[in-house]
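Below you'll find the structure, written out as C-alpha cells, and then a few comments.
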Amino acid sequence: MDFTYDDEQKALREAVRGLTTKAYGEFENRRRAVAEAPGFDEGQWARLAEMGVLGLPFSEDDGGVGAGPVEIGIVCQELGRVLAPEPFLASVVHAGGLVAAAGSPEQRADLLGRLAAGEIVLAAADTSPGGRWSSEAEGVTAARDGDTWTLTGVRDPVPNGARADHLVVNASLPDGGTGLFVVEGSAATRADHAVFDGSRAARVELSETPAIPLGEPGRDLTATIATISDITRIMGANQALGVMQAQVAATNAYLKSRKQFGVTLNTFQALTFRAADMYVELELAHSLVDWATMVVAAGSQEDIADAADRVGLQVARASRHIGQEAIQLHGGIAMTAEYSVGVGTAHLAVLEMWLGGAHHHLTRLADRVSDHGEVEALA
Amino acid sequence: MQLELSAEDAAFRDEMRTFFTTEFPQDIRDTVLAGRHLTREQIVASQQALNAAGLAVPHWPVEWGGKDWTTLQRHLWHEEMQRAGVPTPLAFNASMIGPVLAQFGSQEQKERFLPKTANLDIWWSQGFSEPDAGSDLASLRTTAVRDGDDWIVNGQKTWTTLGQYGDWIFTLVRTDPDVKKQAGISMLLIDMTLDGVEVRPIEMIDGGHEVNEVWFSDVRVPGDLLVGELNGGWTIAKFLLGNERVGVAPVGATKRALATLKENAGDLLDDPLTRARVAELENELLALELTALRVVAHSTDGAPHPASSVLKLKGTVLQQAVSELALDLAGPGALASGADDDSPVPGWARRSAPTYLNLRKASIYGGSNEIQRQIIARTILGL
C-alpha cells in the first residue's frame, strides 16, 4: 500500500505542468483558445503529442508508451489545474481507450499511432438524445450487407464531435448486443456547438453511413464499453481533482489578499471556516481519486465499475461543494468569464453531466448496499 | 502508488485479525459488538489481555513495551481491533499520559508509572477542562502553590470521563499566575485517593454517568509528581492533544456500526431512501479510511500530520450520522430506551436514542470541530 508517486511519476507531473502552465498559466490564453471552434489550441495538441502525452495509455506496439493509470491520472490532474481545453480525456482516454480495447492490431496501430502522434482527433459518440450514461447502444443501429456495414441514427451531444477526424460510435447489432464502429468524421452530418465551459460538442446524424467495425465484426462489446466508460470516469475524477485543487488554492490566496472593511478577508472566521470545509472535501475526494486510479491498475472489471461509482459520487459531491464555495468566497469576480474560478465550476459541471453525476452513481451504489457487510478499502 | 498491502503487511494484518478474533476474550467482544456498555472490570481485563500479548501500547518506546512498528502497522492494528469489537486500550493511559511520561517524565516517574499504566493497574483520568476553560484551555484556574517540597492544589476540573473509576489523574494546574496564561501552567500527577479530592457525577442527556466533576481542596501533592519542567505544561498539553487527534477518528468502529445496522435493519433496507443514505455513508467512510491511510503514510514519526484534523472533523461527523440513521430506523421503538430485555423492541433500537444523544459529544471533545477548522485554516491553509 503506497499513496505516493515515484520519481518518474513526479518527473512526468513536472513536465506536463511545465507545458500546461506555459500555455494556460495566464487564464486569458485559455479564454482565447476556446473562443472559436475547435475549442482548443491545435498547437498545444501537437506539443502534447511531442511530449508523448497523447500516446501515454497505449502499448508500444500501437505507437504508444504503455504507461499505467497513475500516469494518465497525473496528466488529467494537470490538465484540470489550468482548465486546458485539449481533448485528452475525450479523445485519448475515452475514444482511444475504446479502440485500444476493441480494435484489431491493425486498427490499433493505425488509429492509435496517428492519435499518439497528434495527427488526428478521435471522438466517442455514445450518447443518444435524452440518453443517460448507458453502455448499451440506444438510437443508432448497425446494418450489415456482406462485409460492409452502415450506421443509422443520432448521437447527441458528442464532445469534440465536429472536430474529430474519426468517430467511435456504439450501435445496436443486427443479432443483438452492442458493437463499436469507426466512422469518418466527414461522412456524418455534424452540427457543432459550444458547451458552457468553452469546449465544443456536436450533434452527429448518421444515415446509412459507412462504418468499419472495431475488432471482430458482430461481436457484442457491451462489457468492454462499460469498462472503458468507467475508466474514463475515474480519469475524469482525476481531472476534476486538478480543477478543485486549483480552486481551493485560488480561494485561499484571494482570502489573504482581498481587502474589505479595511482588512483582508481571512480576518473573518465565517469565511476561513468555509475554506477549511472546502479543504476537508478536497482531501476526501483526493483519497478516493488515488484509490480508484489504483483499482484500475489492479482490479477486475467489476472492481473498476465499483470504484467508478464510488469516486464518481464523492467527486461529484465535492465538485458542487468546492465549485460553489469558491465562487461565493470570491464574490462577483468569480462570476466573470475572465476569471478561472467560475469557469472551473462550469468545467466541473461538464465532467459530471458528461460522465455521470452524484445521482447516477448513488443510485447504482444504493442498489448494491445489501451485497456486502463493510466496504473493504484494501485488497 | 500501489493498492495492495505488501506481503509482510498483509501477514501482519492477518496475525492481528487472528489474535483479536480467536484469542481475545469473547464475552468482551460480544458486549462491544452488541453496542452495550463495558464494566470497569471488562475494560481492565481487555487491556490486560492486550498487554499480555504485547498489543496494548505498541506506539510507546520499545523500552516501555512499545513495538517498533511502522505507522501503517499501527494503523492496521488499530483498525483490526475496532473491526473485531475489541475495545481500544484506555485512551487516558495508552494515548495520553503514557506517551507524555515516556517523552517528558523523569526516569523515576517512568519506572514507577509506565508498566502499571500499560497494564491498566493504574486507571488514569484526565484533568484538563474546567468550567471556564474548555476550548480555551489555557485559561484554566486550578492552582498549585508551593509548600516546602509539596504542591497544594485547589480548584475544579470538569468533563472528567470515567473519573469514577480513576486511581490517578493527570492535571494541568496554574503554577505561575503572573505570566502570560500559557507560560504559567504545569502538569501534575495526583493520586485520587488523597484527602481533598472529590469526584462528583454529572448526569448526561443520554441518562448515563460517563463524566464527572473533580474538585481539589487543599490537596497536598509531593513535588516529585510534577511532569517535565515547571511551567512547561502547555508544551506537554499540545503534545498530548496532538496525539489525541490522531486516534480520535474511529473509522473501523463506525464502519462496523454501519454494517451491523444494515443487518439489524431487515426489511427497512428495502426502502430506496434508506439504501441511498447507507450508500452515501459507506462511501464517505471509505473516503475517510483512505484519507487515514494517506495521512499514516505521510506522517513523520511523532508529529501528527496536519491533515489529522480532517480525520477528527469528518470522523466524528460520520460517527454521528450513523447513529442518526440508527435512530431513524428504530422509529417509535426508540422510545423503549428504558425497557429491559423483556421488551419486544430489539436492543439496538432501544439503545439508538441514548447512543445518538451520547455521540453529540464527539464533535465537542478532543478539540471541538470548530477548533479543528481553526487548525486547518491556520496551519494548513495559512489563513
Residue that is modelled with the highest pLDDT [pool: residues in the range A:363-379 that are within 11 Å of A:D306 (Cα to Cα) and facing another protein chain (nearest Cβ under 7 Å)] = A:L365
Residue match in the range A:81-91 (condition: in contact (Cβ under 8 Å) with a residue 60 or more places away in the chain, under 27 Å from A:E184 (Cα atoms) and more than 20 Å from the chain's Cα centre (by Cα)) | no
If you check every pair at least six apart or on different chains, which have Cβ atoms under 6 Å apart with a residue in the range A:264-275 that is in the same structural domain as A:H321 (by TED's automatic domain parsing) first and a residue that is part of a helix (DSSP H, G or I) and acidic (D, E) second?
-> A:R274/A:E325
Any residue in the range B:187-199 that is closer than 20 Å to B:L140 by Cβ and hydroxyl-bearing (S, T, Y)?
-> no
Looking at (1) part of a helix (DSSP H, G or I); (2) more than 23 Å from A:T21 (Cβ to Cβ); (3) not charged (D, E, K, R), find the lone condition where A:G373 falls short.
-> (1)
Among the residues of the range B:18-35, which ones are touching a Leu at 6+ places or on another chain (Cβ under 9 Å) and assigned to a helix (DSSP H, G or I)?
-> B:F19, B:F20, B:I28, B:T31, B:V32
Restricting the range A:1-34 to residues that are over 13 Å from A:A84 (Cα atoms) and small (G, A, S), the residue that is farthest from the other protein chains (Cβ to nearest Cβ) = A:A15
Residues of the range A:115-138 being under 21 Å from A:R200 (Cβ atoms) and not in a strand (DSSP E or B), in sequence order, are A:L115, A:G118, A:E119, A:I120, A:V121, A:D126, A:T127, A:S128, A:P129, A:G130, A:G131, A:W133
Subset tally (residues that are under 17 Å from the mean Cα position of the chain (by Cα) and either assigned by TED's automatic domain parsing to the domain that holds A:G97 or small (G, A, S) (or both)) for the range A:284-304 | 2
Does A:Q324 satisfy the criteria of being more than 8 Å from chain B (Cβ to nearest Cβ) and in a helix (DSSP H, G or I)?
-> yes
Check on B:T235, hydroxyl-bearing (S, T, Y), away from chain A (no Cβ under 12 Å) and in a helix (DSSP H, G or I) = yes
How many of the residues in the range A:252-263 are touching a residue at least 24 places away in the same chain (Cβ under 8 Å) and within 9 Å of chain B (Cβ to nearest Cβ)?
-> 1
Criterion: more than 13 Å from chain B (Cβ to nearest Cβ), at pLDDT 95 or above and part of a helix (DSSP H, G or I) - qualifying residue of A:V341, A:V315 = A:V341
Which residue, of B:R29, B:R17, is within 14 Å of chain A (Cβ to nearest Cβ), more than 24 Å from B:K116 (Cβ to Cβ) and at pLDDT 95 or above?
-> B:R17
Flag if A:A191 is touching a strand residue (DSSP E or B) at 6+ places or on another chain (Cβ under 6 Å) and either assigned to a helix (DSSP H, G or I) or surrounded by 21 or more Cβ atoms within 10 Å (Cβ to Cβ) (or both) | no
Members of the range B:46-84 found to be among the small types (G, A, S) and surrounded by fewer than 22 Cβ atoms within 10 Å (Cβ to Cβ), listed by number | B:A49, B:A52, B:A53, B:G54, B:G65, B:G66, B:A84
Odd one out for A:L351 among (1) within 14 Å of chain B (Cβ to nearest Cβ); (2) in contact with a helix residue (DSSP H, G or I) (Cβ under 7 Å, 6 or more places away or on another chain); (3) of a type outside the set (V, I, T) = (1)
Select, from B:L357, B:L286, the only residue that is more than 23 Å from A:A276 (Cβ to Cβ), within 23 Å of the chain's Cα centre (by Cα) and not acidic (D, E).
-> B:L357
Within the range B:331-381, how many residues are touching a residue at least 24 places away in the same chain (Cβ under 8 Å) and within 14 Å of chain A (Cβ to nearest Cβ)?
-> 12
Boolean, B:L269 is of a type outside the set (V, I, T) and either crowded, with 20+ Cβ neighbours inside 10 Å or more than 14 Å from every other protein chain (Cβ to nearest Cβ) (or both) = no
Test result for A:V248, away from chain B (no Cβ under 14 Å) and at pLDDT 95 or above | no
Residue check, B:V197 out of contact with any helix residue (DSSP H, G or I) (no Cβ under 6 Å at 6 or more places or on another chain), buried (at least 22 other Cβ atoms within 10 Å of the Cβ) and aliphatic (A, V, I, L, M) = no
Quick check: anything in the range B:34-43 surrounded by 18 or more Cβ atoms within 10 Å (Cβ to Cβ), among the hydrophobic types (A, V, I, L, M, F, W, C), more than 30 Å from B:G208 (Cα to Cα) and out of contact with any strand residue (DSSP E or B) (no Cβ under 7 Å at 6 or more places or on another chain)?
-> no
Is there a residue being away from chain A (no Cβ under 14 Å), more than 21 Å from B:Q82 (Cβ to Cβ) and surrounded by 22 or more Cβ atoms within 10 Å (Cβ to Cβ) anywhere in the range B:200-213?
-> yes
Out of the range B:165-210, which residues are in a loop (DSSP other than H, G, I, E, B) and among the hydrophobic types (A, V, I, L, M, F, W, C)?
-> B:V179, B:M192, B:L194, B:M204, B:I205
Can you tell me which residue in the range A:50-84 is farthest from A:M294 (Cα to Cα), limited to those that are hydrophobic (A, V, I, L, M, F, W, C) and surrounded by fewer than 19 Cβ atoms within 10 Å (Cβ to Cβ)?
-> A:M51
Only one of B:T158, B:T88 that is free of Cβ contacts under 8 Å to residues at least 60 places away in the same chain and touching a Pro at 6+ places or on another chain (Cβ under 9 Å) | B:T158
Please verify whether the range A:24-40 includes one or more residues that are among the β-branched types (V, I, T) and assigned to a helix (DSSP H, G or I).
-> no
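The values are calculated or read from the model by the stated rules, or taken from the named source; none is laboratory data. What you see is a predicted model; the values in this text were computed from it and never measured. Ideal geometry is used to build each Cβ from the backbone, glycine not excepted, and the neighbour counts take in all protein chains shown.
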